[in-house]
Amino acid sequence: MSKHSILDQLYGRSMLLTQDWSTAELEALLTVATRMEKLDLKGKMPALLPNQLAYAMFFDNSTRTKSAWAGAASRLGMQPVIVDGSSTQVSHGETAAETGAMLGMNSHALGVRHDLILGEGNSFMRDVKDGIDSYLDATGNARKVPIVNLQCDIDHPTQAMADLMWLREHFGGPSSLRGKKIAVSWAYSPSYAKPLSVPQGLIMLLTRYGAEVTLAHPYGYDLLDMPMAAAKQNSQESGGSFRVTHNMDEAFEGAHAVYPKSWGPQALMLERVEANKRKDNAGMKDIEQRALALNAQHRDWICDESRMARTEGGKALYLHCLPADIGAEVSAGVMDLHKVNVAREAQKKVYIIMAMLAVAKVQGLAEKIGL
Ligand code: CP
């Protein structure tokens, strides 16, 4: 199937997990993102979606994704509308489907970040989508309102796709990840018990491209079964590999790229689900303190100069979704050396979101952007 016909079949498509998309569909998305980056940098990006509203609802803090959403929508000629999820009626029990119908009747695309509670974020997004689609069907409205996952409990698709785009640019093209050793590692954080979705998104996506992916974490910091199974299957299909170690040094040995970041201990993240259901705020605070105490047992899991020296030629590419805990997840020296790299990595997100919105919203996209 040609790239143009793949683009046609993406019309109306939501991005809820990269794993829901075929590799050919993700390839088409990357082709669009790369083209849009070129057009944007030349100041020649056409306003493809004038007078349309791009809502984004955030139930958690964000610097990069929120601004990338606004930047992407504006570059496409859309008007971004950022909604603070905690101030909506969801906190008073409004269902995800109702919320979807209400936002969907006024918007042309909807981004959602709902990443703090395991088992909730992605299913919330799917219920929001059902609410929007049911409303549009019931009112005979042919408008498409795609949902873009701006980070959930399982995946962070705009981040993982931006990381992939940056890795390919750094290593030299679409096939360049084949055989590359990439370490996705836990790292110590004293700040908060971070979601599991970034490492999960990375292991699901990078294993599709023939990379040799190593996941490293201390005991007790396992990722969810679904992304682990997907990573294993993807690596078998792509001819790459996927393995787990509990030794950060071993993961860094000979690596071409390293992605050390923190996430919360799984058992406590699951305990948090029940405390959240009970609206037990004291219980939630206690769980957070216990998670940080567990993290503190692994202060030596830091990406520092001595660990980077173990990588291929001592010169692996350092990646981080940001914000990084400097002095904990990464040494100040390593971050300083890679500060432009991580900024370039972050900048890819605006083009990935533009591509996600455009493939879902613009008919005849290939011709309109000169593909
Ligand atoms: N990496 C990332 O998603 O950053 P924000 O949390 O600031 O959006």
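The values are calculated or read from the model by the stated rules, or taken from the named source; none is laboratory data. None of the values given here were measured: they were computed from a predicted structure. Positions of Cβ are generated from backbone atoms using ideal geometry, with glycine treated the same way; all protein chains shown enter the neighbour counts. Areas reflect the complete protein model, heavy atoms only, side chains present, ligands, DNA and RNA absent. Shrake-Rupley method; radii C 1.70, N 1.55, O 1.52, S 1.80 Å.
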Q: Name the residues whose placed amide hydrogens come within less than 5 Å of the amide hydrogen of Glu212, ignoring near sequence neighbours (fewer than 5 apart) on the same chain.
A: Gly179, Lys180, Lys181, Ile182, Ser241
Q. What residue among Pro199, Pro323, Pro80 shows peak mean-square fluctuation when the chain is described by a Gaussian network model with Cα springs under 10 Å?
A. Pro323
**Q.** Under the Karplus curve 6.51 cos²θ - 1.76 cosθ + 1.60, θ = phi - 60°, whole-Hz ³J(HN,Hα) for region 335-350, x wherever Gly or Pro sits
**A.** 4, 4, 5, 10, 5, 6, 4, 5, 5, 5, 4, 5, 5, 5, 4, 5
Q. Which Cα, out of Ala162, Ile132, Val244, lies furthest along the positive dipole direction of the chain (beta carbon charges, K/R +1, D/E -1)?
A. Ala162
Q: Beyond 20 Å between alpha-carbons counts as too far, so tell me which of Lys180/Lys315; Lys261/Lys339; Lys181/Lys339; Lys194/Lys261; Lys129/Lys194 fall in that bin.
A: Lys181/Lys339; Lys129/Lys194
Q: Specify the inter-centroid distance of region 1-63 and region 289-313, based on alpha-carbon positions, in whole Å.
A: 35
**Q.** For peptides 132-142, 357-367, 4-14, sequence by mean Cβ density within 10 Å, most packed first
**A.** 357-367, 4-14, 132-142
**Q.** Within the accessible area of the chain (1.4 Å probe), percent carbon and sulfur
**A.** 51
Q.
Can you pull out the chymotrypsin sites (Phe, Trp or Tyr not before Pro) in region 184-222 whose DSSP state is coil and whose Cβ has at most 15 other Cβ atoms within 10 Å?
A. Tyr192, Tyr219
Q: Please sort by residue number the trypsin sites (Lys or Arg not before Pro) in region 52-85 whose DSSP state is loop and whose Cβ has at most 16 other Cβ atoms within 10 Å.
A: none
Q. What number, rounded to the nearest 500 deg cm²/dmol, is the helix-based mean residue ellipticity at 222 nm of the chain, given -39500 (n - 2.57) per DSSP H run of at least four residues and division by all its residues?
A. -14500 deg cm²/dmol
**Q.** Solvent-accessible area per residue, Å², over region 159-347 with all protein chains present [probe radius 1.4 Å]
**A.** 41
(Q) Tell me whether the chain comes out rounded, prolate or oblate; compute the Cα gyration tensor, take square roots of the eigenvalues as a ≥ b ≥ c, and use a/c under 1.5 as the rounded threshold. (A) oblate
Q.
List the aspartates and glutamates whose Cα sits under 18 Å from the Cα of Lys38, skipping any in the same chain fewer than 8 residues away.
A. Glu27, Asp163, Glu169, Glu345, Glu367
Q.
Within 15 Å, Cβ to Cβ, of Ser62, how many net charges do the neighbouring residues add up to if Lys/Arg are +1 and Asp/Glu are -1?
A. +2
Q: Enumerate the calculated ³J(HN,Hα) couplings along region 318-334 in order (Karplus 6.51 cos²θ - 1.76 cosθ + 1.60, θ = phi - 60°), each rounded to whole Hz, writing x wherever the residue is Gly or Pro.
A: 8, 10, 7, 6, 6, x, 9, 7, 6, x, 10, 6, 8, 6, 4, x, 5
